[in-house]
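S.K.: The structure that follows is given in the form of C-alpha cells.
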Amino acid sequence: MTKDNHRQQFPALANKAYFNYGGQGPLPEPALDAIYQAYKRVQLGGPFSGEVGAWVVQEAMLTRRAIASELTVPPETIALTEDVTVGCNIALWGIDWKAGDHLLLSDCEHHGIVASVMELQRRFNIEVSVCPLAATLNEGDPVAVIADNLRPNTRLLVISHILWNTGQVLPLAEIVKVCHEPPLTPPCQGGGQEEFSLVQSEGETDIKPPLTPPWQGGGQEELSRVQGDGQEDLSLIKRGGQEDLPAKNYKVRVLVDAAQSVGVLPLNLIESGVDFYAFTGHKWWCGPEGLGGLYVSAEALADLHPVFIGWRGIVTDANAKVLGWKSGAQRYEIATSAYPLYAGLRSAIALQHEWGTIEERYAEICRLSKYLWERLSELPDVECLRTSAPEAGLVSFRLTNGMPHKKLVDLLEKQGIMVRTILNPDCVRACVHYFTTEAEIDKLVEGVFSEIVRNP
Ligand SMILES: Cc1ncc(COP(=O)(O)O)c(C=O)c1O
C-alpha cells in the first residue's frame, strides 16, 4: 500500500501537517467506524443483556490478545486500563511499601507520574531519589547512572522506555538486568539533593498536588530506615485465599512508562525481563483515547496488590460471594468501561500492520526523524537537543534567538503545522510517524524558518 493511500484513511491528516503523535495519534477511519459499529451493536443487543455481556467478555479477550501479540507476551499478563497514567498508578500503589523503602525515578518522567510518586512518599514515608538521565542524551551511560543510584533498600525503579522530552531510547533489557541482579557490594548511595531540583522545577503543569515538597526527607530518611529495618524479613503479606509470601523481594522491580515506545519500537517484553510496562492506545498506535493497558510479568503479579477493585478483577461463586482475584493481570481491571473502544484499537493496530511490520515501521520512523533532524540542524537559530540522529520519532529542538517556544508553536499552528512545547528542558517537540511524508517535514522546516525570520 502506498503511503498516500494509507494516509487517506486518517481524516486528521487531510488538512494539516501533524507532528504531535507523542501527544495523541490521529484515529483512522476504519477505527472510527469499528467504534460506531460496536456502539450500535451494544444498543441493538441490549444495552444490558446476556448477549451483550458475553460479547463484551469476548471483545476484551480479543483486545488483550491483540495487545499481547504486539508486546510479545501472553494475554494473561495484560490488564486493560484507560491510559498510561492509570497503568503506572496500578503498579506504584500496588506495592506494599514500607517506611524507608526507596523508589528511584529518572529526571525525565512525566509530571503526572512524578505527582503520584510524591504522594506515595508522603503517604508511606518512603525514600525517593531522582537519577540524572537527561544528561546522558548525547554522552554518558544511562545504565551506569541507574546502577550508581540504586540503594540496598531500592524496591522500584521508574523510567520511561523513550524519554518524552528528549526522545532518548533507554536500553531496557540492560537496565532491568542491573535492577534484577544488584551487585554484591551495596551500590554507592548517590542521590545528591541537587538532582531533586530538576523535578521540582518542572512546572510543566498547573497541577499543584497538595503535598509536602517531594524528596525533602532531611532527617526523616534516617528514621524511616530504622523503622524499616529488621521487620521486613519477618513480615508476611496475606493474599486472599493464597499462600503467604515474604513481603520483601530483594529484586528491584522496574516500572516503565511506555507512552512513547508502544507503537514505535519492536518489543519483546518477556526477553527484556521488565516487571511493569504501562502504555496507551491513543498515541503511536493511533487508537481511541480512553483505552490503554498494563503489562505485569507473571513474577511481579504475585506480589502486586490490586488497588482499585471491582467486579471485573474478582472471582465469585454462584451466590456472588467473593472468592479471590482473577488469575492473571485481569485482576487490575475494575468495572464498566467504554467497551466499543476495544474494536477501535484493534482496528487501528491492524491498519498499521497493513503498511508493514513493526521493524519496517520503526525503520521508516528513524529514516524520517533523521531527515527532520538534519534539516532542522541546517537552520539558523535552531539547535536540536541531540547531537546525532534520533533513535525514534521524537525530535526536540530549541531556538537560540530568544523567541519563546510557545510563540513559535502557536504561530505554526496558525499555519496548520502541529508541534508542541516541552517545559523541561525548554524546547519544541516534533514527532514523526512512519506515515509522515518528506513534504510535511519540509513544510515544518520552512514554517520554522519563516517564523524565525519574521520574529528575529
Ligand atoms: C511519558 C508520558 N507519560 C505519561 C503521559 C500521560 O499519558 P496518558 O494521558 O495516556 O496517561 C504522557 C503523555 O504525553 C507521556 O508522554
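S.K.: Against the condition modelled with pLDDT of 95 or more, over 22 Å from residue 29 (Cβ atoms), outside any loop (DSSP other than H, G, I, E, B) and of a type in the set (S, T, N, Q), how does residue 352 come out, does it pass? Walk me through it before giving the result.
M.R.: On the way: modelled with pLDDT of 95 or more: yes; over 22 Å from residue 29 (Cβ atoms): no; outside any loop (DSSP other than H, G, I, E, B): yes; of a type in the set (S, T, N, Q): yes.
Taking the combined requirement at face value, the residue does not satisfy it.
S.K.: Take the residues in segment 348-375 that are basic (Lys, Arg) and surrounded by 16 or more Cβ atoms within 10 Å (Cβ to Cβ), then tell me which one is nearest to residue 263 (Cα to Cα). Let's see the steps before the verdict.
M.R.: Looking only at segment 348-375, we keep the residues that are basic (Lys, Arg), and these are 361, 367, 370, 375.
Restricting the remaining residues to those that are surrounded by 16 or more Cβ atoms within 10 Å (Cβ to Cβ) gives 361, 370, 375.
Values: 361: 9, 370: 18, 375: 25 Å.
Among those residues, the one meeting the criterion is 361.
S.K.: Can I ask one more? When you go through 51, 59 one by one, which is the residue that is free of Cβ contacts under 8 Å to residues at least 60 places away in the same chain, touching a helix residue (DSSP H, G or I) at 6+ places or on another chain (Cβ under 9 Å) and of a type in the set (D, E, K, R)? Outline the logic, then answer.
M.R.: On the way: 59 fails: free of Cβ contacts under 8 Å to residues at least 60 places away in the same chain.
After ruling out the rest, the residue left standing is 51.
S.K.: If you don't mind, another one. Sort out which residues of segment 120-139 are assigned to a loop (DSSP other than H, G, I, E, B), under 19 Å from residue 178 (Cβ atoms) and either touching a Lys or Arg at 6+ places or on another chain (Cβ under 8 Å) or more than 16 Å from the ligand (Cβ to nearest atom) (or both), and write them in order of number. Can you show your working first?
M.R.: Taking segment 120-139 and keeping what is assigned to a loop (DSSP other than H, G, I, E, B), we get 125-126, 132-133, 137-139.
From the residues that got through so far, the ones that are under 19 Å from residue 178 (Cβ atoms) too are 132-133.
Across segment 120-139, the qualifying residue is only 132.
S.K.: Could you check segment 248-347 for strands (runs of 3 or more DSSP E) lying wholly inside it with 1 or more residues that are away from the ligand (no atom under 15 Å from the Cβ) and buried (at least 16 other Cβ atoms within 10 Å of the Cβ)?
M.R.: Details: elements: 253-257, 276-280, 292-296, 314-316, 322-325.
By residue number, 253-257, 292-296, 314-316, 322-325.
S.K.: Kindly indicate the residue of segment 437-453 that is small (Gly, Ala, Ser) and within 26 Å of residue 404 (Cβ to Cβ) and also surrounded by the most Cβ atoms within 10 Å (Cβ to Cβ) among those meeting that condition.
M.R.: Going residue by residue through segment 437-453, those that are small (Gly, Ala, Ser) are 439, 447, 450.
This time we only want the ones that are within 26 Å of residue 404 (Cβ to Cβ), so: 447, 450.
On the way: 447: 20, 450: 13.
So the residue we want is 447.
S.K.: Those residues that are in contact (Cβ under 8 Å) with a residue 60 or more places away in the chain and more than 9 Å from residue 348 (Cβ to Cβ), I need them from segment 22-32; list them, please. Steps first, please.
M.R.: Narrowing segment 22-32 to residues in contact (Cβ under 8 Å) with a residue 60 or more places away in the chain: 22-28, 30-32.
22, 23, 24, 26, 32 - these are the residues of segment 22-32 that are in contact (Cβ under 8 Å) with a residue 60 or more places away in the chain and more than 9 Å from residue 348 (Cβ to Cβ).
S.K.: Can you pull out every residue in segment 9-28 that is more than 16 Å from the ligand (Cβ to nearest atom) and surrounded by 14 or more Cβ atoms within 10 Å (Cβ to Cβ)? Don't jump to the end; show me each part of the working.
M.R.: Just the residues of segment 9-28 that are more than 16 Å from the ligand (Cβ to nearest atom), to begin with: 9-17, 28.
Once the filter is applied, which keeps residues that are more than 16 Å from the ligand (Cβ to nearest atom) and surrounded by 14 or more Cβ atoms within 10 Å (Cβ to Cβ), segment 9-28 yields 9, 10, 12, 13, 16, 17, 28.
S.K.: Can you confirm whether segment 140-147 contains a residue that is touching a Lys or Arg at 6+ places or on another chain (Cβ under 6 Å), at pLDDT below 95 and not assigned by TED's automatic domain parsing to the domain that holds residue 366? Walk me through how you get there before you give the answer.
M.R.: Filtering segment 140-147 down to residues touching a Lys or Arg at 6+ places or on another chain (Cβ under 6 Å) leaves none.
Checked against the condition, which is being touching a Lys or Arg at 6+ places or on another chain (Cβ under 6 Å), at pLDDT below 95 and not assigned by TED's automatic domain parsing to the domain that holds residue 366, segment 140-147 yields no hits at all.
S.K.: Could you grab me the full set of residues in segment 392-436 that are surrounded by fewer than 19 Cβ atoms within 10 Å (Cβ to Cβ), touching a residue at least 12 places away in the same chain (Cβ under 8 Å) and part of a loop (DSSP other than H, G, I, E, B)?
M.R.: Hits for segment 392-436 are 400, 401, 403, 415, 416, 424, 425.
S.K.: How many residues are part of a helix (DSSP H, G or I) and either within 16 Å of the ligand (Cβ to nearest atom) or touching a Cys at 6+ places or on another chain (Cβ under 7 Å) (or both) when one looks only at segment 72-108? Please lay out each step first, then the result.
M.R.: In the first step, residues of segment 72-108 are kept if they are part of a helix (DSSP H, G or I); the result is 75-77, 84-94.
Applying the additional criterion that residues be either within 16 Å of the ligand (Cβ to nearest atom) or touching a Cys at 6+ places or on another chain (Cβ under 7 Å) (or both) yields 84-93.
Qualifying residue count, segment 72-108: 10.
S.K.: Now, a different point. Let me spell it out: the conditions are (1) out of contact with any His (no Cβ under 9 Å at 6 or more places or on another chain); (2) part of a loop (DSSP other than H, G, I, E, B), and residue 117 meets all of them except one. Which number is the exception?
M.R.: (2)
S.K.: Among the residues of segment 35-75, which ones are crowded, with 17+ Cβ neighbours inside 10 Å and of a type in the set (Gly, Ala, Ser)?
M.R.: Selection gives 38, 60, 66, 68.
The values are calculated or read from the model by the stated rules, or taken from the named source; none is laboratory data. What you see is a predicted model; the values in this text were computed from it and never measured. Positions of Cβ are backbone-derived with ideal geometry, glycine not excepted, and every protein chain shown enters the neighbour counts.
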